[in-house]
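**Q** Starting off with a structure, shown below.
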Amino acid sequence: MRTIRFLLQKEFKQIFRNKSILAMILMMPLIQLLIMPLAADYEVKNINLAVVDNDHSTYSQNLITKITASGYFKLQSYGGSFKEAFHLIESDKADLILEISNGFERNLVRENEQKLFVAVNAINGTKAGLGGAYLTNIITNFNNDIRLEWLQPGKVNTIPQIEITSTNWFNPMMNYKVFMVPGILAILVTMVGGFLSALNIVKEKEVGTIEQINVTPIKKHHFILGKLIPFWILGNVVFSIGLFVSWLIYGIVPLGNLLVLYSFIWVYLLAVLGFGLLVSTYTETQQQAMFIMFFFMMIFILMGGLFTSIDSMPAWAQTVTKFNPLRYLIEVMRMIILKGSGWKDISVHLMTMALFAIVLNTWAVINYKKTS
């Protein structure tokens with residue numbers, strides 16, 4: 001214990017001597033939790049729409065008004081020809097084209113049917129898919145409104161109807177910030193813990209102090225513990241700041257027990273820090289460690305279930321995510337903060353993370369070569 005205490009004193013002096021680390025620890029949770037939840041919105045808005053109205057009838061005007069009044073579309077162009085509208089798509093000034101053919105109202109009244117043409121700029125797949133779905137839904141509602149107008153008053157009640165009543169559990173207002181903030185906080189803790197620990201041992205190699213440590217009688221596991229504990233404490237500080245900012249700015253209060261939440265964070269940080277220290281034992285320069293951690297962080301984030309549902313991934317990708325520690329943290333954060341889950345609900349995640357921590361830290365100790 002005396003050896004570890006001296007190592008901790010050394011590490012904390014180095015940390016507090018580096019003002020950039022302290023600034024990053026204090027400012028990263030604040031800045032990222034202020035910006036990312038506001039920017040990472042799953043709802044697509046401001047879709048640029050070009051309308052080619054060859055009919056200029058009352059029905060076509062009502063349809064265009066209904067589309068623009070939805071709040072999702074911006075009328076970029078009206079009238080003209082399809083060629084002119086397509087030129088707007090080519091110049092990225094329009095995302096969709098709606099062409100209303102000549103005789104739209106007349107054919108709809110006389111023949112009870114009429115076709116519309118929609119062209120979608122599919123360069124941005126997400127915007128194209130959701131924009132096309134929004135437009136199709138608005139046109140369907142417009143069609144239903146017309147049918148109701150044509151029904152005879154006495155026969156309205158004879159139409160069978162199914163009334164659906166729905167409720168949204170755990171996020172009643174479907175507020176995407178409530179969904180995003182716990183995941184963003186999980187990514188933040190992972191990045192801070194992973195990068196700081198990955199750059200730690202390799203920094204000692206670059207400045208040459210690792211040689212002085214290697215000639216001392218310090219055991220390898222004491223050295224790894226001395227590197228791990230300070231950043232484990234800093235990781236908890238970052239998480240606490242992020243949790244406070246989430247409550248202060250977005251009003252998100254964990255429904256579950258804070259002890260359950262912090263217990264998982266404690267074990268998770270051991271795993272992430274162990275992974276960072278393992279990377280640090282394999283690399284010789286900070287640049288190498290940075291690139292390796294960046295590579296793994298991209299995989300962790302993209303396959304963590306925050307931006308893409310894991311259930312929607314291919315079978316092989318779902319298997320890969322089982323080795324992604326960030327996946328388990330995002331799931332547990334949402335379970336405890338939004339659902340109020342307890343020990344029993346997260347027991348499998350906790351045991352899995354404990355296994356990660358044991359394997360990665362043991363590997364880091366074994367791989368650290370104490371040679372002078």
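The values are calculated or read from the model by the stated rules, or taken from the named source; none is laboratory data. All figures in this text were calculated on a predicted structure; none of them were measured in a lab. As a convention, Cβ positions derive from the backbone with ideal geometry for all residues, glycine included, and neighbour counts pool all protein chains shown. Each accessible area value is taken on the protein alone, full model and side chains, heavy atoms only, with ligands, DNA and RNA left out. Shrake-Rupley method; radii C 1.70, N 1.55, O 1.52, S 1.80 Å.
**Q** Ignoring ligands, DNA and RNA, please state the percent of accessible area on the chain from carbon and sulfur, probe 1.4 Å.
**A** For the chain, the apolar C and S fraction of the accessible surface comes to 63 percent.
**Q** List the equivalent ellipsoid semi-axes of the chain in whole Å, largest first, each obtained as the square root of 5λ for an eigenvalue λ of the Cα gyration tensor.
**A** Equivalent ellipsoid of the chain: 57, 24, 17 Å, largest first.
**Q** With a Förster radius of 56 Å, plug the Cβ-Cβ distance of Met173 and Asn214 into 1/(1 + (r/R0)^6) and report the FRET value to the nearest 0.05.
**A** Between Met173 and Asn214 the formula returns 0.45.
**Q** Could you tell me the calculated FRET efficiency between His56 and Ala122, based on Cβ-Cβ distance and R0 = 45 angstrom, to the nearest 0.05?
**A** Computed FRET efficiency for His56 and Ala122 comes out at 0.95.
**Q** Positive end of the charge dipole of region 47-158 (Lys, Arg +1 and Asp, Glu -1 on Cβ, about the Cα centre): tell me which of Ser91, Tyr78, Ile67 has its Cα farthest that way.
**A** Going by the charge dipole, the pick is Ile67.
**Q** Which three lengths, in whole Å and largest first, does region 265-359 cover when its Cα atoms are put on their principal axes?
**A** If we take the Cα atoms of region 265-359, the spans are 44, 29, 21 Å.
**Q** Taking θ = phi - 60°, what integer Hz values does the Karplus form 6.51 cos²θ - 1.76 cosθ + 1.60 yield along region 169-176, in sequence order, with x for Gly and Pro?
**A** 7, 6, 8, x, 8, 6, 7, 5
**Q** Still on this structure, I have one more. Cα to Cα, under 16 Å, and not fewer than 8 places away if on the same chain: which aspartates and glutamates meet these conditions relative to Lys19?
**A** Glu11
**Q** Using packing as a proxy for protection, rank 290-298, 52-60 so that the peptide with the highest average count of other Cβ atoms within 10 Å comes first.
**A** 52-60, 290-298
**Q** Would you tally the net charge around Ala364, using a Cβ to Cβ cut-off of less than 12 Å, leaving Ala364 out, and scoring K and R as +1, D and E as -1?
**A** Here the count lands on +3.
**Q** Apply the Karplus curve 6.51 cos²θ - 1.76 cosθ + 1.60, θ = phi - 60°, to the phi angles in region 293-303 and return the couplings in whole Hz, x for Gly and Pro.
**A** Values, residue by residue: 5, 5, 4, 5, 5, 4, 5, 4, 5, 5, 10 Hz.
**Q** Okay, next question. Once the Cβ-Cβ distance between Arg2 and Ala317 is put in as r, and R0 is 51 Å, what FRET efficiency do you end up with, to the nearest 0.05?
**A** Efficiency computed from Cβ-Cβ geometry: 0.60.
**Q** Now for a separate question. Viscosity 1.002 mPa s, temperature 20 °C: what is the translational diffusion coefficient of region 47-158 from Stokes-Einstein with a Kirkwood Rh over Cα pairs, rounded to a whole number of µm²/s?
**A** It diffuses with D of about 145 µm²/s by this estimate.
**Q** Please give the charge dipole size of the chain, origin at the Cα centre, charges +1 on K and R Cβ atoms and -1 on D and E Cβ atoms. Round to the nearest 20 debye.
**A** It works out to roughly 1980 debye.
**Q** Run lengths n ≥ 4 of DSSP H only: what is the helix-derived mean residue ellipticity at 222 nm for the chain, with -39500 (n - 2.57) per run over all residues, to the nearest 500?
**A** -22000 deg cm²/dmol
**Q** Roll a 1.4 Å probe over the protein chains and send me the accessible area per residue for the chain in Å².
**A** 55
**Q** Given charges of +1 on the Cβ of Lys and Arg and -1 on the Cβ of Asp and Glu, with all other atoms neutral, how large is the dipole of region 1-73 about its Cα centre, in debye to the nearest 20?
**A** Around 1140 debye, computed over region 1-73.
**Q** Continuing with the same structure: Can you list the HN-Hα couplings for region 184-195, worked out from phi with the Karplus curve (6.51, -1.76, 1.60; θ = phi - 60°), rounded to whole Hz and with x for Gly and Pro?
**A** 5, 5, 5, 5, 4, 4, 5, 5, 5, x, x, 5
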